[in-house]
1. For segment 72-161, which helices (runs of 4 or more DSSP H) that fit wholly inside it have 3 or more residues that are over 30 Å from Arg46 (Cβ atoms)?
2. Say we look at segment 81-108 and pick out the residues that are over 22 Å from Glu121 (Cα atoms) and touching a residue at least 60 places away in the same chain (Cβ under 8 Å); which of these is surrounded by the most Cβ atoms within 10 Å (Cβ to Cβ)?
3. Take Arg211 and tell me if it is of a type in the set (Lys, Arg) and within 30 Å of Tyr134 (Cα to Cα).
4. For Glu242, state whether it is modelled with pLDDT under 85 and acidic (Asp, Glu).
5. Collect the residues in segment 28-48 that are surrounded by fewer than 18 Cβ atoms within 10 Å (Cβ to Cβ) and of a type in the set (Gly, Ala, Ser), keeping them in residue-number order.
6. Could you pull out the residue among Gly206, Gly160, Gly180 that is small (Gly, Ala, Ser), more than 30 Å from Val66 (Cβ to Cβ) and surrounded by 15 or more Cβ atoms within 10 Å (Cβ to Cβ)?
7. Of the residues that make up segment 176-185, is at least one more than 48 Å from the chain's Cα centre (by Cα), in a helix (DSSP H, G or I) and farther than 25 Å from Ser81 by Cα?
Amino acid sequence: GAIIGIVVAAIVVLALLVLWCVFGCCAIIVRQEKSVCMESMGKFKRVLEPGFHMITPVVEHPRQLVWKKTTYDSYGHTQISAHSTQYVDMREDIFILHDLDVFSQDHNALKISCFIIFNIEDVKKCIYEIENLYGAIFNTAQSQLNEIFAELPFLECLTGQQRINQMMKQRFSQTFSNWGVRLHSLDVLKIMPTQMIAQLESQMIGERTRRSELIIADAQREAQRLQSEGTKIVLQNRGMGEQEVIKKTSEGQAQAALLQAGAEAESLKVMKLQLENEGYSYTDYVQTDKYTRGLWAQGQQNNQRKLVLPFIKAGQNGILGSTKVGSVGQKKRFGDLD
């Protein structure tokens with residue numbers, strides 16, 4: 001019983017696979033906005049409308065199409081995209097012609113932009129009557145626009161936009177109907193004289209140049225201001241530093257002078273105390289020291305080997321104790337003098 005169940009399940013699965021393959025080969029579903037062109041043995045047979053359809057395997061097959069679409073980016077550059085499909089889109093499409101160069105009847109250059117709204121209504125014609133539908137629309141529109149603007153004077157080209165739209169629709173409708181395309185609208189978006197474009201470009205360049213010069217001048221003024229402020233701050237800091245150096249130097253000198261005076265006073269105090277302990281007068285010592293130094297300096301200046309002392313203090317005995325002093329007709333030591 002188990003083996004029979006497995007065999008039955010395998011047969012059911014196999015039957016489902018066969019039905020799926022047959023359904024995939026014999027049936028096709030077309031979406032609402034699409035159509036499919038069917039060929040039989042390489043020859044056109046029928047067009048499949050939206051819905052469910054059965055086809056003859058091997059004999060019938062859908063026609064593969066390569067659609068090329070020309071578009072423009074935001075910078076005005078032409079972009080061509082192509083894709084292969086078996087479905088023909090029946091919805092309305094917009095074709096934009098961007099910045100076409102045309103000439104008026106009086107030979108004035110114009111730059112125009114327009115758009116075309118159309119849809120495919122005859123699948124057989126759009127496939128078999130034209131090889132590249134979008135390329136044909138672009139080239140035909142450009143040539144017809146050149147012919148229309150060449151028939152009109154310059155002022156009418158600028159002001160008669162409604163008439164231009166009507167003329168373009170009349171001329172395009174017959175050409176497009178031969179390709180199975182229905183033209184809904186063809187409108188001019190922009191008409192601009194080339195000379196005016198050049199003037200606007202020159203004006204725009206001049207305005208941008210002026211703005212750049214203003215920006216550069218403002219930047220230079222700001223740089224000079226910052227540089228002057230920096231120089232001022234540097235000079236202020238340098239002056240404050242020099243003042244601080246002078247202040248510290250004077251304070252150091254004053255402090256050194258105070259310390260030196262204190263040291264000298266302390267040394268004189270010690271010396272006075274020592275002289276008093278030895279029985280000498282500090283006043284006599286100071287007078288004798290100054291007097292002796294003056295005589296010594298005078299003797300060195302006059303290159304004298306002998307010094308004449310008009311009087312001798314008691315304190316000079318310790319200073320000139322071994323020096324011989326000459327008087328009139330006699331020689332004595334300082335130790336022998338009163």
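1. 133-150, 154-159
2. Asn108
3. no
4. Criteria not met by Glu242.
5. Once the filter is applied, which keeps residues that are surrounded by fewer than 18 Cβ atoms within 10 Å (Cβ to Cβ) and of a type in the set (Gly, Ala, Ser), segment 28-48 yields Ser40, Gly42.
6. That would be Gly160, the only listed residue that is small (Gly, Ala, Ser), more than 30 Å from Val66 (Cβ to Cβ) and surrounded by 15 or more Cβ atoms within 10 Å (Cβ to Cβ).
7. No, the conditions are met nowhere in segment 176-185.
The values are calculated or read from the model by the stated rules, or taken from the named source; none is laboratory data. Here the structure is a predicted model, which is why all the values come from computation and not from measurement. All Cβ positions, even for glycine, are placed from backbone atoms using ideal geometry, and neighbour counts span all protein chains on display.
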